[in-house]
Amino acid sequence: MKSLILTALLSFSTLNIVAQNKNVKKETKTVTKTIKDSKGEQEIVKTIETKETQNVELALSEQKGKNIPIKEEAKVDVTKTTKIKIDGETKFIDIDQSAYYNLNGRKYQIIQKGNGYSMMNSANSETGVLRKTSNNNYIFRSKDKVSFGYLDNEGNLILETFDYKNDQITMEKFTIEK
């Protein structure tokens, strides 16, 4: 009776693991430093989180069964986030490298380039550049506008632009693809 209950419990617990449509690899690297200066001792904790996500796509083949090969050209999205914690206060330092965002059904990619970031559209042409300011915000510049940008708590990119004609601020929210 005991083995029957354990077998049933084990079979029910493995049902949630049946379908997986993404391969996800996470790696976290943490570096802790203690600095002594005129203000006293400060502990600085730097955390770099790298996340690689790949959609699982099966290769078209005549093979049936459990071990069907995955398409080799399935792309891997790599996002890298850096957080620095100084005496309990956490600050996000970098935009996710090679992160994908959506705005009004259009897909954009932000990649690190030079001393800032480039925003690329789905046709792989540059639509604008982001430059980091001293207070962890961003200035976005494109052909026709200059905007103030920041990341919200979910990692979405918010761009606020001042409209001179209407004397108002417009906000665009680029939602991050996870």
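We did not get these values from a lab; they are worked out from the coordinates using the rules stated. Since the structure is predicted, the reported quantities are computational estimates derived from the model, not experimental observations. Positions of Cβ are backbone-derived with ideal geometry, glycine not excepted, and every protein chain shown enters the neighbour counts.
Need one word for segment 95-178: rounded, prolate or oblate. Basis is the Cα gyration tensor (sqrt eigenvalues a ≥ b ≥ c); a/c below 1.5 gives rounded, then a/b vs b/c decides.
Values: a/c = 1.38, a/b = 1.30, b/c = 1.06.
Cα axes put segment 95-178 in the rounded bin.
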Estimated distance in nm for a label pair at residue 83 and residue 142, the labels positioned 7 Å out from Cα along Cα-to-Cβ: 3.1 nm
Work out the length of the dipole vector of segment 95-178 about its Cα centre, built from +1 on the beta-carbon of each Lys and Arg and -1 on the beta-carbon of each Asp and Glu, and round it to the nearest 20 debye. 280 debye
Amide H to amide H under 5 Å from residue 57: which residues, 5+ apart in sequence or cross-chain, H placed 1.01 Å off N in plane? 71
